[in-house]
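Asker: Following this message is one structure expressed as structure tokens.
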Amino acid sequence: MIEVKSLSKTYRVSRRDSGLWQAVKALGRRETHEIKALDDLSFTIADGEIVGYIGPNGAGKSSTIKVLSGILTPDSGECRVNGRVPWKERKKHVAEIGVVFGQRSQLWWDVPVNDSFELLKEIYRVEDARYRRNVEELTDALELGELLRTPARQLSLGQRMRCEIAASLLHDPKVLFLDEPTIGLDAVSKLAVRSFIQKRNETHGTTVLLTTHDMQDIEALATRILLIGQGRLLLDGDFDDVRRVNPDAHSLDELAAALYARYGM
Amino acid sequence: MRSCWTFFRMRLINGLQYRTAAWAGVVTQFFWGFMEILLYRAFYAATPDRFPMQLDHLISYIWLRQALLALLNTYTFEWDLFTMILNGNVAYELCRPSSLYGMWFARTLALRVSRVILRCVPLFVVTALLPKPWGLRFAASPTAFAAFLVSLALAACVGVAFCLIIYFSCFFTLSSEGVRMMVLPIAELLSGNLIPLPFMPDRLAKLFHYSPFGAMTNAPLRIYSGDLAGPEMVEMLVLQVFWLTVLGLFGYALQHRGLKRLCVQGG
């Protein structure tokens, strides 16, 4: 169960115009602006849901994921994941969640993927039998096979992403946060990742929070959609609610654009 | 502890992949040691009575330092960690159920130990076989040898605690370059990596001896040759524990503050 109540987080961004004189001026006094990444955000996610978390770039999606995974401390508000406050009980909290950042890598670059997995096994203290069972299961489901014996640097993006997802599930987390897991993947890999997430949810009851810009991911996976913009929750519904915004849209991207426009983004 | 062992195993596997680098390192360290010994010998030949250490003590000091260089120098960092802080992959490190400090300490120590294990054996074997006074002598006494081992372990930990402070300073400065450029040459000098501390002017030598850097290379190598013995030796071991605690606490506090203001930028 994930409970978020009036969460707020403000970032400081420094700004100046281009040019030498402006740069010299900025030495003395720097103009900083505050940007509200999260602005009184509240929602609740029940166990076993797959929630699509959408919004344009800079809406606060990643910030939310970072708060939920204990990396970022919010300015104010409450948040509990399985009864724990992520940034206060970080170690206990992260032992029970899995996170995939689509744009980052957790695998060691120049050793075979297997070695990275074993390191994670130690860090999460997964017992031998359970580890072997999980690796076997994940290898089957994600068709890893020989990939496990290949150094991460020699994998294609799609192959690597499959390994990254497996890496974040080695310790059987109950909750999985996926931050743009399909970014840059080809059609085949996207389909593989989607069907895997679906299956994992069905067989293990894993709660999934998924951010993405790919509306096809959302259509295929999400039983519920949260739309945020400028740090605020704008819509909480299912895909039909989104569809209703523009029933005539020719493509899913058009639909997303219409959705963002409808909420003034 | 277990993750330390895993990091160590991984680093060792990694290190074994780069055999050429290891051999090149051994040759360089050997050559460097010889040049240095020749230089000191020339000075000793001119005025033997004006030196603070006996020549054979000094030669053992040099060989030990060369053999243990990867463990005792101040500049062997786990580079991935700097990169991680810069590009935000540190986000993944924070999703692990262990403290960042513990994990990075284990990782850096593992890197250093695995490097030194690959490189020290040929140096020990060859220098032990060299004729007097060119070779590595036995430790002054069995007690000195035991104390040397303890002191070496402490020195390695003090060195790693120092590294961690540099890593965490990157949470504030982003680039490690400035800090490294300023601090490392000083640390190398004060820790006795360039010249043994007794060779410096008395008052400076004393000051450096009691600084955190004096608890690095300076400590185990002088205990080995019996240069620090009896109460001085015990004092040094206590000093090492003290500095390990202080550097550790400082690094830990720096991590704590750094993480509070950390925001991993970008989507």
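Asker: If the viscosity is 1.567 mPa s and the temperature 4 °C, what translational diffusion coefficient in µm²/s does Stokes-Einstein give for chain B when Rh comes from Kirkwood over Cα pairs?
Answerer: Rounded, D is 66 µm²/s.
Asker: While we're on this one: Can you pull out the chymotrypsin sites (Phe, Trp or Tyr not before Pro) in segment A:97-180 whose DSSP state is coil and whose Cβ has at most 12 other Cβ atoms within 10 Å?
Answerer: Working: sites: A:Phe101, A:Trp108, A:Trp109, A:Phe117, A:Tyr124, A:Tyr131, A:Phe177; in loops: A:Trp108, A:Trp109, A:Tyr124.
Passing both the DSSP loop test and the Cβ count: A:Trp109.
Asker: Output the antiparallel fraction of DSSP beta bridges having both residues in chain A, as a percent to the nearest 5.
Answerer: The answer is about 55 percent antiparallel.
Asker: What angle, in degrees between 0 and 90 and rounded to the nearest 10, separates the Cα long axis of helix B:142-173 from the longest principal axis of the Cα atoms of chain B?
Answerer: 40 degrees
Asker: Quote the FRET efficiency, to the nearest 0.05, computed for B:Ile117 versus A:Arg262 with a Förster distance R0 of 45 Å and r equal to the Cβ-Cβ distance.
Answerer: 0.10
Asker: Continuing with the same structure: Rounded to whole Å and sorted largest first, what semi-axes of the equivalent ellipsoid does the C-alpha gyration tensor of segment A:141-265 yield via the square root of 5 times each eigenvalue?
Answerer: Numbers: eigenvalues 179, 52, 32 Å².
Over the Cα atoms of segment A:141-265, the semi-axes work out to 30, 16, 13 Å.
Asker: Something else about it: Take every DSSP beta bridge whose two residues both sit in the protein assembly as shown, then give the antiparallel share in percent to the nearest 5.
Answerer: 55 percent
Asker: Across the residues of A:72-79, average count of Cβ atoms on other protein chains within 10 Å?
Answerer: 1
Asker: Separate question: Report the full-extension gain for the segment B:Tyr75 to B:Phe172: residue separation times 0.36 nm, less the Cα-Cα distance, to one decimal in nm.
Answerer: Going from the current span to full extension adds 32.9 nm.
Asker: Shifting gears a bit: Once the Cα gyration tensor of segment B:32-191 is found, what semi-axes does its equivalent ellipsoid get, as square roots of 5 times the eigenvalues, in whole Å, sorted largest first?
Answerer: Gyration-tensor ellipsoid for segment B:32-191: 36, 18, 13 Å.
Asker: Using alpha carbons only, how many degrees (0 to 90, rounded to 10) separate the axis of helix B:55-67 from the longest principal axis of chain B?
Answerer: 30 degrees
Asker: Hey, another quick one. How big is D, in µm² s⁻¹, for segment B:1-55 by Stokes-Einstein at 10 °C and 1.306 mPa s if Rh is the Kirkwood radius over C-alpha pairs?
Answerer: 110 µm²/s
Asker: Can you tell me the order of B:150-160, A:147-157 when each peptide is scored by its average per-residue count of other Cβ atoms within 10 angstrom, highest first?
Answerer: Taking the mean over residues of other Cβ atoms within 10 Å, the ranking is B:150-160, A:147-157.
Asker: Moving on to the next point. How about A:Lys92: which lysines have a C-alpha closer than 17 Å to its C-alpha, ignoring those fewer than 8 places off in the same chain?
Answerer: The reachable lysines, counting only those whose Cα sits under 17 Å from A:Lys92, are A:Lys66, A:Lys121, A:Lys174.
Asker: In addition: In terms of the Cα gyration tensor, with a ≥ b ≥ c the square roots of its eigenvalues, is chain A rounded because a/c is under 1.5, prolate because a/b exceeds b/c, or oblate?
Answerer: Values: a/c = 1.57, a/b = 1.32, b/c = 1.18.
Verdict is prolate for chain A.
Asker: Distances longer than 27 Å among the Cα atoms of segment B:1-126: what percent of all pairs is that?
Answerer: Looking at segment B:1-126, the distances longer than 27 Å represent 36 percent of pairs.
Asker: At q = 0.18, 0.26 Å⁻¹, what base-10 log of I(q)/I(0) does the Debye formula yield for segment B:140-226 when every alpha carbon is treated as an equal point scatterer in vacuo?
Answerer: -0.80, -1.21
Asker: Give me the inter-chain shielding for A:110-122: mean count of other chain Cβ atoms within 10 Å, whole number please.
Answerer: 3
Asker: Moving to a separate point now. Can you compute the helix-only [θ] at 222 nm over chain B? Use -39500 (n - 2.57) per DSSP H run of at least 4 residues, normalise by all residues, nearest 500 deg cm²/dmol.
Answerer: Working: 12 runs with 197 residues, N = 267.
Helix-only estimate at 222 nm: -24500 deg cm²/dmol.
Asker: Right, here's the next one. What is the mean number of Cβ atoms from other protein chains located within 10 Å of the Cβ atom of each residue in peptide A:85-98, rounded to a whole number?
Answerer: 2
Asker: Run through all the Cα pairs of the protein assembly as shown and give the fraction in each 10 Å bin from 0, expressed as whole percent.
Answerer: 3, 16, 23, 20, 16, 11, 7, 3, 1, 0
Asker: With θ set to phi - 60° and the Karplus curve 6.51 cos²θ - 1.76 cosθ + 1.60, what are the ³J(HN,Hα) couplings of segment B:92-99 in order, to the nearest whole Hz, using x for Gly and Pro?
Answerer: Taking θ as phi minus 60°, the curve returns 5, 4, 7, 8, 9, x, 9, 6 Hz for segment B:92-99.
Asker: In whole percent, what relative contact order does segment B:2-261 give with Cα contacts below 8 Å and a gap of six or more residues? All intermediate terms of the calculation are to be shown ahead of the outcome.
Answerer: On the way: 281 pairs, mean separation 66.4, N = 260.
Rounded, it is 26 percent for segment B:2-261.
Asker: Just to verify a number: FRET efficiency for A:Lys36 and B:Ala24, C-beta to C-beta distance, R0 = 51 Å, to 0.05?
Answerer: 0.40
Asker: Taking chain B as the reference, fit the longest principal axis to its C-alpha atoms, fit the long axis of helix B:19-46 to the helix C-alpha atoms, and give the angle between the two in degrees, 0 to 90, nearest 10.
Answerer: That helix lies at roughly 40 degrees to the long axis.
Asker: Using a basic spin-label model with each label point 7 Å from the Cα along Cα→Cβ, how many nm lie between B:Ala253 and A:Glu202?
Answerer: Result: 5.6 nm between the two label points.
Asker: Using θ = phi - 60° and the Karplus relation 6.51 cos²θ - 1.76 cosθ + 1.60, list the HN-Hα couplings for segment A:107-118 in order, rounded to whole Hz, with x at every Gly or Pro.
Answerer: 8, 5, 5, 10, 10, x, 3, 3, 5, 4, 4, 5
Asker: Also, quick follow-up: Between A:Glu96 and B:Val246, how many nm apart are label points set 7 Å from Cα along the C-beta direction?
Answerer: 4.3 nm
Asker: Right, next: Tell me, what does the Kirkwood hydrodynamic radius of segment B:71-133 come to in angstroms if you use every pair of distinct C-alpha atoms? If you can, show how the numbers build up before the last one.
Answerer: Values: mean 1/r = 0.0707 Å⁻¹.
Taking the inverse mean of 1/r over all distinct Cα pairs, segment B:71-133 comes out at 14.1 Å.
Asker: Restricting to DSSP H runs of at least four residues, report the calculated mean residue ellipticity at 222 nm for chain A, -39500 (n - 2.57) per run over all residues, nearest 500 deg cm²/dmol.
Answerer: One gets -11500 deg cm²/dmol as the mean residue ellipticity at 222 nm.
Asker: A follow-up question, please. Do any chymotrypsin sites (Phe, Trp or Tyr not before Pro) in segment B:37-94 lie in a DSSP loop with no more than 15 other beta carbon atoms within 10 Å, and if so, which?
Answerer: Answer by residue number: B:Tyr75.
Bear in mind these aren't lab numbers, they're just calculated from the coordinates by the rules spelled out. Everything numeric in this text was worked out from a predicted model, so none of it was measured. With ideal geometry, Cβ positions are generated from the backbone for all residues, glycine too; neighbour counts draw on all protein chains shown.
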